[in-house]
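Colleague: My questions all concern the structure below.
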Amino acid sequence: MTYCVGLLLNAGIVCLSDTRTNAGLDNISTYRKMFTFEDPGERVIVIMTAGSLSVSQTTLAQLREAIEAPDATEETSIMLAPTLLQVAGIVGNRLAAVREEIDHKLSASQGASASMIVAGQRRGGAMRLFLIYPEGNFIEATEDTPFLQIGEHKYGKPILDRVVRPDTSLADAQKAVLLSMDSTLRSNLSVGMPLDLCVIERDACRVGHRRRIEAGDPQFRAMSEAWSNALREGFARISV
C-alpha cells in the first residue's frame, strides 16, 4: 500500500508521496511513486501511483515510450497533448489497457490494479489535478475539494478537510500534506519513508521545489513532535 496526495491551490500545486511497497509482511521494498515530466516553461506533469507495482510501472514505461516515439502525436504523448484534460485521458486509457492485459494473465483471484494522480499545467492553460481510477475514468479537483488522495488515505484526510482551501499558501500547503502523511505513517505500517515532495508555482510550468525526506529527517521529526504536542495541549483544554 502507499499514500499519495495532491493539492490544487490558487498559488500552485503541491504533491507528496511515500515510497513503501508491500508484497507480504516479510517483503517490504522502496520504490518511487512520484514521476515528473517537464519541458520547463512550456509544460509540467506530475504522476503519482498507488496499487499494483507491475501495473503502475508498466503504465509509466509505456507513457515514456510514447513520448520518445518518432511518430508521437497529440493523441499518444502526454508531452504533446494540447490540454491537461487530454493528458488525463491518455494516462487513463493506458492505465486501463495495462490493467486489463495483466489481469488477463492472472487468475481472477489475483487481479491487479492501480490508481494514479495526474497534476500539472501547460503554458497558457490552467493548473489541473486529476485522480485516475484503475478502469481509466477520472475525477478532477475543484474549489470545493482542492485535494485528491490515493492509497491509504483515510488517516491523513481529516487535517486536509479542516485546513486546506484554494487560497492556502504554498508554505502552509506543504505543512498540511506533511502532517497528513505523518498521521498516516503513525497509523498504518504499509506506508513508509522516504517521502517525495514537489511544489509547482502557478504559471511556472516547472517543478520549483523538490525534496526527498529520509527516515530520521530532523525537520520532519521536529514538525511531527510539535504537531503531537499541539494536539495533546488542545485535547487537554477541551472540557465536556
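Colleague: Go through 95, 60, 85 for me and flag whichever is touching a residue at least 40 places away in the same chain (Cβ under 8 Å), of a type outside the set (D, E, K, R), outside any strand (DSSP E or B) and out of contact with any helix residue (DSSP H, G or I) (no Cβ under 8 Å at 6 or more places or on another chain).
Modeller: Details: 95 fails: out of contact with any helix residue (DSSP H, G or I) (no Cβ under 8 Å at 6 or more places or on another chain); 60 fails: touching a residue at least 40 places away in the same chain (Cβ under 8 Å).
Result of the check over 95, 60, 85: 85.
Colleague: Looking at (1) in a strand (DSSP E or B); (2) surrounded by fewer than 19 Cβ atoms within 10 Å (Cβ to Cβ), find the lone condition where residue 47 falls short.
Modeller: Residue 47 satisfies all of (1) in a strand (DSSP E or B); (2) surrounded by fewer than 19 Cβ atoms within 10 Å (Cβ to Cβ) except (2).
Colleague: With respect to residue 76, is the statement that it is more than 28 Å from residue 203 (Cβ to Cβ) and of a type outside the set (A, V, I, L, M, F, W, C) true? Walk me through it before giving the result.
Modeller: Working: more than 28 Å from residue 203 (Cβ to Cβ): no; of a type outside the set (A, V, I, L, M, F, W, C): yes.
Here the answer is no, as residue 76 does not meet what is asked.
Colleague: For residue 96, state whether it is hydrophobic (A, V, I, L, M, F, W, C) and closer than 17 Å to residue 51 by Cα. Explain how you work it out, then say what you get.
Modeller: Working: hydrophobic (A, V, I, L, M, F, W, C): yes; closer than 17 Å to residue 51 by Cα: yes.
So residue 96 passes the test.
Colleague: Still on this structure, I have one more. Would you please list the contacts, defined by Cβ atoms under 7 Å and residues six or more apart or on different chains, that run from a residue in the range 153-181 that is surrounded by 14 or more Cβ atoms within 10 Å (Cβ to Cβ) to a residue that is modelled with pLDDT under 95 and part of a helix (DSSP H, G or I)?
Modeller: Listed pairs, sorted by first residue: 155/187.
Colleague: Among the residues of the range 213-239, write down those that are surrounded by fewer than 13 Cβ atoms within 10 Å (Cβ to Cβ) and within 25 Å of residue 38 (Cβ to Cβ).
Modeller: 214 - this is the single residue of the range 213-239 that is surrounded by fewer than 13 Cβ atoms within 10 Å (Cβ to Cβ) and within 25 Å of residue 38 (Cβ to Cβ).
Colleague: I'd like the full set of residues that are touching a strand residue (DSSP E or B) at 6+ places or on another chain (Cβ under 7 Å) and at pLDDT 95 or above, limited to the range 1-10.
Modeller: First, pick out the residues of the range 1-10 that are touching a strand residue (DSSP E or B) at 6+ places or on another chain (Cβ under 7 Å): 1-8.
Once the filter is applied, which keeps residues that are touching a strand residue (DSSP E or B) at 6+ places or on another chain (Cβ under 7 Å) and at pLDDT 95 or above, the range 1-10 yields 3, 4, 5, 6, 7, 8.
Colleague: Checking residue 176 against (1) at pLDDT 95 or above; (2) of a type outside the set (Asp, Glu); (3) more than 22 Å from residue 128 (Cβ to Cβ), which test does it fail?
Modeller: Unmet for residue 176, out of (1) at pLDDT 95 or above; (2) of a type outside the set (Asp, Glu); (3) more than 22 Å from residue 128 (Cβ to Cβ): (3).
Colleague: May I ask you to say which residue of 136, 216 is touching a residue at least 40 places away in the same chain (Cβ under 8 Å) and of a type in the set (Gly, Ala, Ser)?
Modeller: Numbers: 216 fails: touching a residue at least 40 places away in the same chain (Cβ under 8 Å).
That would be 136, the only listed residue that is touching a residue at least 40 places away in the same chain (Cβ under 8 Å) and of a type in the set (Gly, Ala, Ser).
The values are calculated or read from the model by the stated rules, or taken from the named source; none is laboratory data. A quick note: this is a predicted structure, and the numbers were derived from the prediction, not measured. When we count neighbours, we look across all protein chains shown, and the Cβ atoms used for this are built from the backbone with ideal geometry, even at glycine.
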